[in-house]
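Following: one structure in structure tokens, then a few remarks.
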Amino acid sequence: MKYVVTAGLSHPAARLTKAVSDYVMQVYGVLCAELQKVRHDPVELFTRAVQPLLWLLLFGVVMLRVSGLAPAGMSYLDYLSAGILAQSVLFVAIFFGISAIWDRDLGILHRMLVSPAPRTAIVIGKAMAASVRGMLQGGVVYVVAGLMGANLNLSPINVLGVMAFIGLGCGLFATLSLAIACIVKSRERFMGIGQLITMPVFFASNAIYPIALMPDWLKTVSTFNPLTYQVDALRALMINGAHSQFGIVYDFAILFVIMAALVLLASRLYSRMVA
């Protein structure tokens, strides 16, 4: 019997199961460590929500008077709500990489790098923590949009879909942020690059106006912008009567492939933080 158990444990399927289990636990460990920071400073979530809420409360109310910005049968508030939800995710995620610079300065990064956890597990764990932050902040925007009268689709499946795309988009931009942090290594340079990236990514998407209104060169840029696909999916899932321009499955596939590539890139660059 002892021989049978030993042989069973040495089976390739058993080894694979254990490897996957260990990897998941390593990702979970990084995730929990990152979420502890939110627990100790929950005010940060609300302060970062201020700018997107101002866009929704001020810009949205003013632009309601402008006709032709939203598709037929949809108010501009409905159209804008999904874009501002995506914007809030972008603002949370694009500056997430600064936490890696703080980890390096505090010596936490050194301990992570000498641990047995693969670099990809560290990056994925951090990206998942950013996704949780994005979901919490996105929930605030969701509630405010509803209070303002946006025609929200509150079907449980649609709400879960919205949360999934918030998490995916936030993880994507957080991973991009980590890769940038690994290259620049300085808080000052990182903040400058983050601010430089945020507005072009936001305005070169369909967040606040349809792609059809863009000049041809900007339409081309928007097709390479991952925020375009996130907004497209969020709008279709979030607003009653809205439809996806590209298809929700296509939106998901584009975001997933880009995030997977960024995870590999950030994992390769991560050791350079201490070089």
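The values are calculated or read from the model by the stated rules, or taken from the named source; none is laboratory data. It should be emphasised that the depicted structure is a prediction, and the values quoted were computed from it without experimental measurement. Note that each Cβ is placed from the backbone with ideal geometry, even for glycine, and that neighbours are counted across all protein chains shown.
Observations
- Top-ranked residue in the stretch 221-241 [being buried (at least 22 other Cβ atoms within 10 Å of the Cβ) and among the aliphatic types (A, V, I, L, M); ranked as nearest to TYR79 (Cα to Cα)]: ILE239
- Looking only at the stretch 102-126, residues that are within 19 Å of the chain's Cα centre (by Cα), under 25 Å from THR198 (Cβ atoms) and not small (Gly, Ala, Ser) come to 4 in all.
- Taking the stretch 205-232 as the range and being among the hydroxyl-bearing types (Ser, Thr, Tyr), more than 15 Å from LEU255 (Cα to Cα) and in contact (Cβ under 8 Å) with a residue 24 or more places away in the chain as the test, only TYR209 passes.
- When the stretch 187-220 is filtered for residues that are of a type in the set (A, V, I, L, M, F, W, C) and closer than 29 Å to ILE101 by Cβ, the ones remaining, listed by number, are PHE190, MET191, ILE193, LEU196, ILE197, MET199, VAL201, PHE202, PHE203, ALA204, ALA207.
- Scope the stretch 80-95; condition buried (at least 24 other Cβ atoms within 10 Å of the Cβ) and outside any helix (DSSP H, G or I); matching residues: none
- Qualifying residue in the stretch 182-189 (condition: crowded, with 20+ Cβ neighbours inside 10 Å and of a type outside the set (Ser, Thr, Tyr)): yes
- Test: residue in the stretch 167-186 that is of a type in the set (Lys, Arg), out of contact with any Ser or Thr (no Cβ under 7 Å at 6 or more places or on another chain) and under 15 Å from GLY97 (Cα atoms): yes
- Checked against the criterion of being more than 17 Å from the chain's Cα centre (by Cα), within 30 Å of GLY125 (Cβ to Cβ) and modelled with pLDDT under 90, the candidates GLY146, GLY192 yield just one match: GLY192.
- Scan of the stretch 115-160 for residues that are touching a strand residue (DSSP E or B) at 6+ places or on another chain (Cβ under 8 Å) and either exposed (fewer than 14 other Cβ atoms within 10 Å of the Cβ) or of a type in the set (Ser, Thr, Tyr) (or both), ordered by number: TYR142, GLY146
- When PHE202, PHE173, PHE165 are screened for being touching a Pro at 6+ places or on another chain (Cβ under 9 Å), among the aromatic types (Phe, Trp, Tyr) and in contact (Cβ under 8 Å) with a residue 40 or more places away in the chain, only PHE173 passes.
- Residue within the stretch 209-227 that is closer than 22 Å to LEU57 by Cβ, modelled with pLDDT of 90 or more and either of a type in the set (Lys, Arg) or in contact with a helix residue (DSSP H, G or I) (Cβ under 7 Å, 6 or more places away or on another chain) (or both) present: yes
- The one condition in (1) under 23 Å from PRO226 (Cβ atoms); (2) at pLDDT below 85 that SER81 fails to fulfil: (2)
- Filtered residues of the stretch 149-183 (kept if over 19 Å from VAL92 (Cα atoms), at pLDDT below 90 and of a type in the set (A, V, I, L, M)): ALA150, ILE183
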